[in-house]
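Here the structure comes first, spelled out in structure tokens, and everything after it is commentary.
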Amino acid sequence: MTTPFKFVEWPCPAVGGDTRSEAALVFDRGRESRLLVIPPLFDEANKLRHTLVEVLRRLDASGIDGVLPDLPGCNESLAPLAEQTLENWRAAAAAASAHFRATGVLTVRSGALLRPPDVPGWDYAPQDGRKTLRSMIRARIIASREAGREEPRDAIEAKGRAEGITLAGWHIGPALFTALEAAELPTREDGVTIIEHETIGERPAWLRAEPDFDAAQADALAAIIAVAMRQPE
Amino acid sequence: MTAQTSAQTDPTGPARSTIDETLRAILRDVLGLSSERAAQLTPDSGLFGHLPELDSQAVADLLTEMEDRFEIIIEDDEIDGDHLETYGGLLALAEAKTATR
């Protein structure tokens, strides 16, 4: 038996200490096992979204509730992206975990940088902050070169740290830029398993130039999670 | 399915054919090509500037993936249009970087 997904609002900590409403896509029948998904940052969130919703759909059929929240400044959020910080995104991920009573957390790619503490789960193909920025800065260098402008990486990085910068259409504020440069993957606590992409197989969705969906990948991810989370009732 | 060309019979030698195969696999992943289509890429096959879906971000991701799979670092000033415009140009970049690894 499957549940249609719904969009709900949840109270999310905002930069500056307020709380604002953000959206979350949920499969929620109040079951014991509840998975929170922290998506990748920036463009990879778009490329992975279809896959992640399909993972949640499969888990729903296996008796596991699922939540895919919007982080402030991302997806449907009305908060300005340029004002977001890594620290506040971490607070938002932790607040979502508490609000939705997650019993497991799946982070995807750079989403691993936001992993809430104290909940077991999986990091799928985690990527650190420096690598996330590296590719986006390179995209800007290539685009500038195509437009006949030379923009050295040093100059882009200095601007990013001082006043923030738009990379591949994403406006990254100075605090977020600086924090991402230094953001390493968290040391693995007990209960957190890294899922390398080789385990899932086929072409990585984040590498595709256009959004794509591979049902076999959703099957493989959901199977790993369902086996571990399903209640032995 | 078509048989893989064995390294022994490949006149370009095993090292070079491995780079070629890996690069085709990366392009297959980035562009969503079938293995058959990826195998049909020729040195003259157009890439950046020829395929609308291959925008600057996709090219940047492609270069980052090449760095990971070939264990190389591609400096920004080494990336010029000639390397990105055709499959042959990209292969030449991969071969040059792996040779000096």
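The values are calculated or read from the model by the stated rules, or taken from the named source; none is laboratory data. Source: prediction; values computed, not measured. Every residue, glycine as well, gets a Cβ built from its backbone with ideal geometry; the counts of neighbours run over all protein chains shown. These area figures cover heavy atoms from the full protein model, side chains too; ligands, DNA and RNA do not enter into them. Shrake-Rupley method; radii C 1.70, N 1.55, O 1.52, S 1.80 Å.
Here are the numbers for this structure:
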read-out	value
Residue list for segment A:12-47, filter: open to solvent by 20 Å² or more (accessible area, probe 1.4 Å) and in contact with an Asp or Glu (Cβ under 8 Å, 6 or more places away or on another chain)	A:V15, A:S21, A:A23, A:D28, A:R29, A:G30, A:R31
Residue list for segment B:22-47, restricted to those being open to solvent by less than 30 Å² (accessible area, probe 1.4 Å) and either among the β-branched types (V, I, T) or under 14 Å from B:G88 (Cβ atoms) (or both)	B:L23, B:I26, B:L27, B:V30, B:L41, B:S45, B:G46, B:L47
Odd one out for A:A183, checked against (1) out of contact with any Phe, Trp or Tyr (no Cβ under 9 Å at 6 or more places or on another chain); (2) free of Cβ contacts under 8 Å to residues at least 60 places away in the same chain	(2)
Restricting segment B:63-82 to residues that are among the aliphatic types (A, V, I, L, M) and more than 8 Å from every other protein chain (Cβ to nearest Cβ), the residue that is most open to solvent (accessible area, probe 1.4 Å)	B:I73
Cβ pairs under 9 Å, 6+ apart, first in segment A:53-78 and under 14 Å from A:P4 (Cα atoms), second at pLDDT below 95 and assigned to a strand (DSSP E or B)	none
Segment A:177-192, subset at pLDDT 90 or above and surrounded by 13 or more Cβ atoms within 10 Å (Cβ to Cβ), residue farthest from the other protein chains (Cβ to nearest Cβ)	A:V192
Hey, A:G201 within 14 Å of chain B (Cβ to nearest Cβ) and open to solvent by 50 Å² or more (accessible area, probe 1.4 Å) or not	no
Filtered residue count, segment B:25-49, keeping only those that are among the aliphatic types (A, V, I, L, M), more than 13 Å from chain A (Cβ to nearest Cβ) and under 14 Å from B:G89 (Cβ atoms)	1
Every residue from segment B:11-70 that is among the polar types (S, T, N, Q) and part of a helix (DSSP H, G or I)	B:S17, B:T18, B:T22, B:S35, B:S56, B:Q57, B:T64
Hey, A:A168 on the phi > 0 side of the Ramachandran plot, within 12 Å of chain B (Cβ to nearest Cβ) and of a type in the set (A, V, I, L, M) or not	yes
Residues of segment A:207-228 that turn out to be open to solvent by 20 Å² or more (accessible area, probe 1.4 Å) and either more than 8 Å from every other protein chain (Cβ to nearest Cβ) or part of a helix (DSSP H, G or I) (or both), as a count	11
Those residues of segment A:155-165 which are more than 10 Å from chain B (Cβ to nearest Cβ) and assigned to a helix (DSSP H, G or I), in sequence order	A:A155, A:E157, A:A158, A:K159, A:G160, A:R161, A:A162, A:E163
The lone exception for A:R115 - which of (1) under 19 Å from the mean Cα position of the chain (by Cα); (2) basic (K, R); (3) within 12 Å of chain B (Cβ to nearest Cβ) it fails	(3)
